[in-house]
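Asker: Input: one structure, supplied below.
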Amino acid sequence: MSADIERLLSAAENAARNAYSPYSGVKIGAAVFAGGNIYCGCNVENASFGLTVCAERNAVFAAIAGGEKSFDAIAVYSDDVMPMPCGACRQVIAEFAPGCDVVVRCGDRTVRIRADELLPRSFVFKEKDN
Ligand code: ZN
């Protein structure tokens with residue numbers, strides 16, 4: 001794992017500490033590396049469960065709010081579960097960075113995969129033949 005990826009995983013681990021997860025008890029953090037900057041997010045749950053937003057989407061949206069248009073990598077970390085991105089997050093990642101690296105870690109287990117391997121044939125608005 002490169003130094004940049006380890007730094008990204010460390011940022012994701014730190015973000016996981018800020019997770020708001022009183023219902024599931026699962027804390028997840030994510031960090032996006034874009035334009036030389038790191039943008040973080042954590043899962044934020046809600047009493048109305050459907051309003052819960054995952055760490056990955058919060059990190060991606062923070063990057064977009066910071067003026068980024070794409071990103072090189074996203075790291076996701078949890079002490080509680082192997083935090084593979086859910087389907088909604090895979091589609092959001094594909095929107096901005098279909099070729100990026102997705103690095104997922106739980107404790108000492110790490111998985112690294114490209115976003116377009118996580119979600120092949122993602123929904124694309126303009127292409128007729130996907
Ligand atoms: Zn998700």
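The values are calculated or read from the model by the stated rules, or taken from the named source; none is laboratory data. Given the structure is predicted, the values throughout are model-derived calculations rather than measurements. FYI the Cβ positions are ideal-geometry reconstructions off the backbone, even for glycines, and counts take in every protein chain you see. Accessible surface is based on the protein model in full, side chains and every heavy atom, while ligands, DNA and RNA are left aside. Shrake-Rupley method; radii C 1.70, N 1.55, O 1.52, S 1.80 Å.
Asker: Name the residue that is least open to solvent (accessible area, probe 1.4 Å), counting only residues in the stretch 64-85 that are in a loop (DSSP other than H, G, I, E, B) and over 19 Å from Cys106 (Cβ atoms).
Answerer: Phe71
Asker: Do we find that Ala88 is in a helix (DSSP H, G or I) and either open to solvent by 20 Å² or more (accessible area, probe 1.4 Å) or away from the ligand (no atom under 15 Å from the Cβ) (or both) in this structure?
Answerer: Criteria met by Ala88.
Asker: Among the β-branched types (Val, Ile, Thr), open to solvent by 50 Å² or more (accessible area, probe 1.4 Å) and at negative phi, is that true of Ile93?
Answerer: Values: among the β-branched types (Val, Ile, Thr): yes; open to solvent by 50 Å² or more (accessible area, probe 1.4 Å): no; at negative phi: yes.
Spelling it out, it is not the case that Ile93 is among the β-branched types (Val, Ile, Thr), open to solvent by 50 Å² or more (accessible area, probe 1.4 Å) and at negative phi.
Asker: Kindly provide the set of residues from the stretch 6-22 that are open to solvent by 50 Å² or more (accessible area, probe 1.4 Å) and not aromatic (Phe, Trp, Tyr), ordered by number.
Answerer: Within the stretch 6-22, Glu6, Arg7, Ser10, Glu13, Asn14, Arg17, Asn18, Pro22 meet the criteria.
Asker: From Gly50, Gly25, which residue is within 16 Å of the ligand (Cβ to nearest atom) and either out of contact with any Leu (no Cβ under 7 Å at 6 or more places or on another chain) or open to solvent by 50 Å² or more (accessible area, probe 1.4 Å) (or both)?
Answerer: Gly50
Asker: Right, next: Would you mind stating whether Arg109 is touching a residue at least 60 places away in the same chain (Cβ under 8 Å) and of a type in the set (D, E, K, R)?
Answerer: Judged against the criteria, Arg109 is not a match.
Asker: Suppose we keep only residues that are away from the ligand (no atom under 15 Å from the Cβ) and part of a helix (DSSP H, G or I) within the stretch 96-128. Which one would you say is surrounded by the most Cβ atoms within 10 Å (Cβ to Cβ)?
Answerer: Looking at residues that are away from the ligand (no atom under 15 Å from the Cβ) and part of a helix (DSSP H, G or I), I get Asp116.
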